[in-house]
Amino acid sequence: MISTEAAVLTAVNEPLEFTEIVVDDPEPHEVRLAVSNVGLCHSDLHYMTGTVSADLPVVVGHEVAGVVESVGSAVTTLRPGDRVVGALTPSCGLCRNCQVGHSTQCQRVTQIRQRPRPAFQLLDGRVVHRLGDVGAFSRHTLMRENSLVKVADEVGLHVGCLLSCCIITGVGAVFRGAEVRPGSTVAVIGCGGVGSAIIQGARLAGASAIVAVDLDDARLAAAKTYGATHVVNGAADVAAEIQNLLGDGVDYSFEAVGSARTAATALEVLRPTGTACLVGIAPDGTDLTLPAWNFFFSEKRLVGSYMGSGQAQEDIAQFARLYQQGRLLLDEMVSDVIPFRDIDKGFEAMKSGEVTRIVADLTV
Ligand SMILES: [Zn+2]
Ligand SMILES: [Zn+2]
């Protein structure tokens, strides 16, 4: 066991508490990681503000990159000093979903997340939970060997951490979730971290038109750097604007906000036979009410995509190579790198449209 500093959420809508915690030794298939960088993600905010419930106290933070500090007895592919990024959805590799390459829906995920002892504890012995069994807002954490991907020295960990959540979620939704075809037309509703990654995925997939939709003009300007060919302010009649711009609805639309209203827009902007893909995480209790004619008369399809719908380890390794070739932009997406202790301020700044991603540096 080691003791380390963590940012603990003890009550919703309260500042994080920076305190010493005890981190357990790695189990046979685990690795203890010295966390170096963590991207601030809207999913963390859902827990911090209570729109999605969590057991408290908890350490949130999951878009993680770091350096292997020690390894469990059965670990064969990683050793201390390796630079890694997280593949957040742990998987057994053996169940039906894992076998068909859909590890994000591993059927044994609850089972493999079980440990004989708590991973994190306060110094008085109380258990500290970890969001997604990651708990990255801690200078050290434990992850399974197959939940980590080794990256080349050329991939800075302050940008590499983005691969772990927003990049795999967004680019994966394009290739694996909606299966965008070359030459097709795409609309992306919500242009934060995940939306920016979806735009890049659509560009990589060879979309002939990519319409970025957001309420914030700064985000729309940034969307063009990632590959958007057109922009529409979300305050307008989005479906009518897209009709005007393209002369038709789009083949694929992506919802990266997490609300019933934007999900309805995603369906509305499609041409007949188009596919809408829901990616944003909606607050607990959100229901969708959608006009049924879209599905029978217009043969539209509605699908969902979670964490890239694929094989996280392999996909992240591929995306890291695309970054090294200059085809996937990561540096541009990092608006600011802030010290660990400034995480609360970072979440505050995320409300501004000037920000795509803020990354915390846990080495300072
Ligand atoms: Zn995330
Ligand atoms: Zn599995």
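The values are calculated or read from the model by the stated rules, or taken from the named source; none is laboratory data. All of these numbers come straight from a predicted model, not from anything done at the bench. Cβ coordinates were reconstructed from backbone atoms using ideal geometry, including for glycine residues, and neighbour counts include every protein chain displayed. Note: areas computed on protein heavy atoms with side chains; ligands, DNA, RNA excluded. Shrake-Rupley method; radii C 1.70, N 1.55, O 1.52, S 1.80 Å.
With unit charges on the beta carbon (Lys/Arg positive, Asp/Glu negative), name the residue among Thr4, Gly310, Ala187 whose Cα is farthest towards the positive pole of the charge dipole of the chain. It is Gly310, whose Cα lies furthest towards the positive end. Less than 5 angstrom separates the built amide H of Arg108 from those of Cys92, all sequence-distant by 5 or more or on a different chain.
Rounded to the nearest 20 debye, the dipole size of the stretch 180-302 about its Cα centre is 380 debye, using +1 on the Cβ of Lys and Arg and -1 on the Cβ of Asp and Glu. Charges were assigned to the Cβ only: +1 to each Lys and Arg, -1 to each Asp and Glu. The resulting dipole of the stretch 1-109 about its Cα centre is roughly 580 debye. If the Kirkwood radius is taken over C-alpha pairs of the stretch 1-93, then at 20 °C and 1.002 mPa s the Stokes-Einstein diffusion coefficient equals 146 µm²/s.
The overall shape of the stretch 82-173, judged from the alpha-carbon gyration tensor, is oblate: a/c is not under 1.5, and a/b is no greater than b/c. Given a 1.4 Å probe and the protein chains as shown, Arg271 ends up with an accessible area of around 80 Å².
A simple charge model with +1 on the Cβ of Lys and Arg, -1 on the Cβ of Asp and Glu and nothing else charged puts the dipole of the chain at about 960 debye relative to its Cα centre.
Our helix-only sum for the chain, with -39,500 (n - 2.57) per DSSP H run of n ≥ 4 divided by its residues, gives a mean residue ellipticity at 222 nm of -6500 deg cm²/dmol. A cut-off of 5 Å between modelled amide H atoms, ignoring neighbours fewer than 5 places along the same chain, links Arg130 with Val59.
As a rough guide to protection, the peptides 149-162, 91-104 ranked by mean Cβ packing within 10 Å, highest first, stand as 149-162, 91-104.
The accessible surface of the stretch 167-308, taken with every protein chain in place and a 1.4 Å probe, is 53 percent carbon and sulfur. Compactness ratio for the stretch 212-364: Cα radius of gyration over 2.2 N^0.38 Å (N = residue count) comes to 1.19. Projected onto planes of every orientation and averaged, the convex hull of the alpha-carbon atoms in the chain covers 17.2 nm². When the chain is treated as a Gaussian network with alpha carbon springs shorter than 10 Å, the biggest mean-square fluctuation among Asp284, Asp133, Asp251 belongs to Asp284.
Accessible surface computed residue by residue for the chain, with neighbouring protein chains in place and a 1.4 Å probe, gives 42 Å² per residue.
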